[in-house]
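K.L.:
I'd like to ask some things about the structure below.
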Amino acid sequence: MTRCRRMPMFWLGLLLGCILFLAGLPARATHQVDHRFTVYGTVRNGATFPGTPLAGKEVVVRDAASGQVLQRGITDAQGRFALVLHVHNEDLGRQVVVQSDGAQQTLTLQFDPADTTTERRGRVDLVIFPR
């Protein structure tokens with residue numbers, strides 16, 4: 001093949017590769033305020049007072065009804081976490097369970113569906129007691 005014929009094939013291959021790469025990424029609409037809900041809080045050690053922050057603890061958010069994992073993350077050096085869920089107005093009142101190392105708390109998603117500018121957030125602070 002001549003060079004002129006190979007160039008379109010190169011660009012076609014590159015384009016196809018990019019499409020396949022992007023198709024493998026999860027689709028998220030969390031760029032809009034009314035499509036996200038941030039679950040945030042801390043994980044602390046219950047054996048100390050007032051509770052030493054626990055860094056590096058996994059935090060999992062599950063749907064309370066199905067048990068499906070919606071999001072997961074790791075606490076920072078101060079024991080804090082912030083996990084963004086993809087939600088719709090129909091999720092108002094939905095219950096999620098936030099878990100870390102045996103501790104768990106149920107959170108009901110509360111927000112004003114008509115408000116499309118205010119961040120939708122809910123706080124959960126977990127205390128882990130040593131076994």
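The values are calculated or read from the model by the stated rules, or taken from the named source; none is laboratory data. Quantities reported herein were computed from a predicted structural model and do not represent experimental measurements. So basically every Cβ, Gly included, is an ideal-geometry build from the backbone, and we count neighbours across all protein chains shown.
Table: residues versus (1) aromatic (Phe, Trp, Tyr); (2) at pLDDT 95 or above; (3) under 23 Å from HIS31 (Cα atoms).
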site: LEU54; (1), (2), (3): no, yes, no
site: ALA77; (1), (2), (3): no, yes, no
site: SER100; (1), (2), (3): no, yes, no
site: GLN104; (1), (2), (3): no, yes, no
site: LEU107; (1), (2), (3): no, yes, yes
site: THR118; (1), (2), (3): no, no, yes
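K.L.:
Go through the stretch 93-103 and count every residue that is surrounded by 15 or more Cβ atoms within 10 Å (Cβ to Cβ) and free of Cβ contacts under 8 Å to residues at least 60 places away in the same chain.
P.N.:
Our first condition is that a residue be surrounded by 15 or more Cβ atoms within 10 Å (Cβ to Cβ); within the stretch 93-103, this holds for 94, 96-101, 103.
This time we only want the ones that are free of Cβ contacts under 8 Å to residues at least 60 places away in the same chain, so: 94, 96-101.
Of the residues in that region, 7 qualify.
K.L.:
State all residues of the stretch 74-105 that are more than 16 Å from GLY122 (Cα to Cα), of a type outside the set (A, V, I, L, M) and either in a strand (DSSP E or B) or touching a strand residue (DSSP E or B) at 6+ places or on another chain (Cβ under 7 Å) (or both); if no residue qualifies, say none.
P.N.:
Let us first name the residues in the stretch 74-105 that are more than 16 Å from GLY122 (Cα to Cα), namely 74-79, 90, 100-103.
Keeping just the survivors that are of a type outside the set (A, V, I, L, M) gives 75-76, 78-79, 90, 100-102.
THR75, GLN78, GLY79, SER100, ASP101, GLY102, listed by residue number.
K.L.:
Now for a different question. Report yes if some residue within the stretch 104-115 is farther than 15 Å from ASP34 by Cα, loosely packed, with under 12 Cβ neighbours inside 10 Å and free of Cβ contacts under 8 Å to residues at least 24 places away in the same chain; otherwise report no.
P.N.:
yes
K.L.:
So which residues in the stretch 48-64 are in contact with a Lys or Arg (Cβ under 8 Å, 6 or more places away or on another chain), more than 20 Å from ARG121 (Cβ to Cβ) and hydrophobic (A, V, I, L, M, F, W, C), if there are any at all?
P.N.:
If the condition is that a residue be in contact with a Lys or Arg (Cβ under 8 Å, 6 or more places away or on another chain), more than 20 Å from ARG121 (Cβ to Cβ) and hydrophobic (A, V, I, L, M, F, W, C), then LEU54 is the only one that fits.
K.L.:
Pairs only if they're at least six apart or on different chains, beta carbon under 7 angstrom, first in the stretch 62-87 and in contact (Cβ under 8 Å) with a residue 12 or more places away in the chain and at negative phi, second among the basic types (Lys, Arg) and part of a strand (DSSP E or B); list them, first residue then second.
P.N.:
Correct list of pairs: LEU70/ARG62; VAL84/ARG36; LEU85/ARG36; HIS86/ARG36; VAL87/ARG36.
K.L.:
Kindly provide the set of residues from the stretch 19-49 that are modelled with pLDDT of 70 or more, basic (Lys, Arg) and closer than 11 Å to VAL87 by Cα, ordered by number.
P.N.:
ARG36
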